[in-house]
1. It is to be established whether one or more residues within region 204-220 are β-branched (V, I, T) and more than 30 Å from G239 (Cα to Cα).
2. Between a residue in region 9-21 that is in contact (Cβ under 8 Å) with a residue 24 or more places away in the chain and acidic (D, E) and any residue that is assigned to a helix (DSSP H, G or I) and surrounded by 20 or more Cβ atoms within 10 Å (Cβ to Cβ), which pairs come within a Cβ distance under 6 Å, given they are 6 or more apart or on different chains?
3. Out of L261, L218, I need the residue that is surrounded by 15 or more Cβ atoms within 10 Å (Cβ to Cβ) and in a helix (DSSP H, G or I). Which one?
4. Give just the number: which of (1) in contact with a helix residue (DSSP H, G or I) (Cβ under 7 Å, 6 or more places away or on another chain); (2) surrounded by 11 or more Cβ atoms within 10 Å (Cβ to Cβ) does P204 not satisfy?
5. Out of region 41-92, which residues are in contact with a helix residue (DSSP H, G or I) (Cβ under 7 Å, 6 or more places away or on another chain), among the hydrophobic types (A, V, I, L, M, F, W, C), free of Cβ contacts under 8 Å to residues at least 40 places away in the same chain and within 20 Å of I122 (Cβ to Cβ)?
Amino acid sequence: MLPWTREVFFRDVCAGLVSGFIFYLGLKSAFGGPLLIFACLLPLYLVGLAYGSRHAVRAAYASTFVSIVLLGPENCLPFVLFVLMPSCFFLRQLLQWRGNEHAPSWYPALRALAKLSVLTTIIFAGMGLIADANDQHFQTIIARSLPDDLNGMDPEAVLSLQHLLAEESFLIFALLGWMWVILLYGIAVLTNGFLNKHSLALRPSLALSPGGLPASLLVLLFICAVPALLSQGNTRFLGQMMALQMLLPYFLSGLALMHALSRARAIPRRRLWISSFYIALIFTGWPAVIVVGAGLYVQLAEILDRPKKIG
C-alpha cells in the first residue's frame with residue numbers, strides 16, 4: 001500500500017467522485033443505464049487492485065458523498081448497500097496475503113467469492129425480514145409485478161402464472177444474487193487483467209482453483225436448508241433463497257474442477273467441449289446440478305482427507 005500523500009488522497013477521491021457521478025448518470029439516463037451503473041465500479045476496482053483495498057474504501061466514501069448530494073440519502077442507500085459495500089468487502093478479501101511482501105501467498109479467490117456470497121445472502125435475508133415486518137412479502141411483490149391483462153391472455157392463465165411466480169420467486173432472487181456475485185468477480189478479473197498488462201496490479205492472477213472452501217460454509221448451507229425444507233410461508237422462502245445462494249461457491253468450485261481436469265488430461269478439442277457445456281448450462285440449466293455436486297464432492301473429499309494428513 002502506498003504511503004499517505006496529498007497526491008494519493010486526491011487520486012482516490014477523484015476515483016470516487018467519478019464513480020458516484022457515473023452512478024448518477026446511470027439512474028438518470030434513458031438508455032444504457034445498467035451499463036453505466038456497472039461502469040461505476042471500474043474506478044473503485046482500478047484504485048483497489050492497483051494500490052490496495054484501503055484506497056478503494058477511500059474512493060467509496062467520496063462516491064457516497066457525491067451520490068448523497070446528487071440523489072439524496074434515500075436514493076443513495078441502494079448504491080451503498082448493493083454496490084459500494086460488497087465491492088469494498090470483495091476487494092479486501094482478494095488482496096489479503098500471507099508470507100513476506102516479496103513472495104506473497106494470496107488469499108484464494110474462491111474463498112473470497114464464498115465470503116462475498118455469504119454477504120449477499122445476509123443482505124437479501126435482511127431485505128426479506130424487513131419486507132416481512134412491513135407485510136410486503138417478496139412472493140407477493142413478484143406476483144403483483146405481472147399485469148392482470150397480459151397481452152390479452154385468459155385471466156385464469158394469468159392467475160396461474162402469477163401463482164407460479166409466487167411459488168418459484170426464490171429462484172428469481174437467488175439467480176439475481178448469483179448474477180451479482182459473478183458480475184463483481186468478472187469486473188475484478190477484467191480490471192486486474194488490464195492492470196497486469198501495464199504492470200500495475202498488486203495480485204498477478206484472480207483465477208479460481210477447485211477446493212479450499214471453508215468447512216463453515218457447509219454448516220451455513222445446512223442451517224439454511226433446514227427452514228427451506230421444514231418451514232412454511234416467508235420463512236421457507238428465505239431459507240430456499242439463502243440455501244441456493246450458498247450453493248454458488250460450490251458451483252464455481254465445480255467449474256474450476258472441470259477446467260482443471262480438462263487441462264490435466266489434455267482432452268482433444270477442449271475448448272469446443274467446454275463451450276458446448278456452457279451452452280447447455282445456459283439454455284437447459286440441469287448441468288448446474290452436476291457442477292454443484294462436483295463442488296460439494298471436492299469439499300467433502302478435503303474434509304475426509306484432512307485427518308489423514310494431520311495424522
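1. no
2. From residues that are in contact (Cβ under 8 Å) with a residue 24 or more places away in the chain and acidic (D, E), the pairs are D12/V47; D12/H55; D12/R58; D12/A59.
3. L218
4. Of (1) in contact with a helix residue (DSSP H, G or I) (Cβ under 7 Å, 6 or more places away or on another chain); (2) surrounded by 11 or more Cβ atoms within 10 Å (Cβ to Cβ), only one is false for P204: (2).
5. Across region 41-92, the qualifying residues are V57, V80, F89.
Read-outs throughout are calculated quantities, based only on the coordinates presented, and are distinct from any laboratory measurement. Small disclaimer: the values here were computed from a predicted structure and weren't measured. We place every Cβ from the backbone using ideal geometry, glycine too, and count neighbours over all the protein chains shown.
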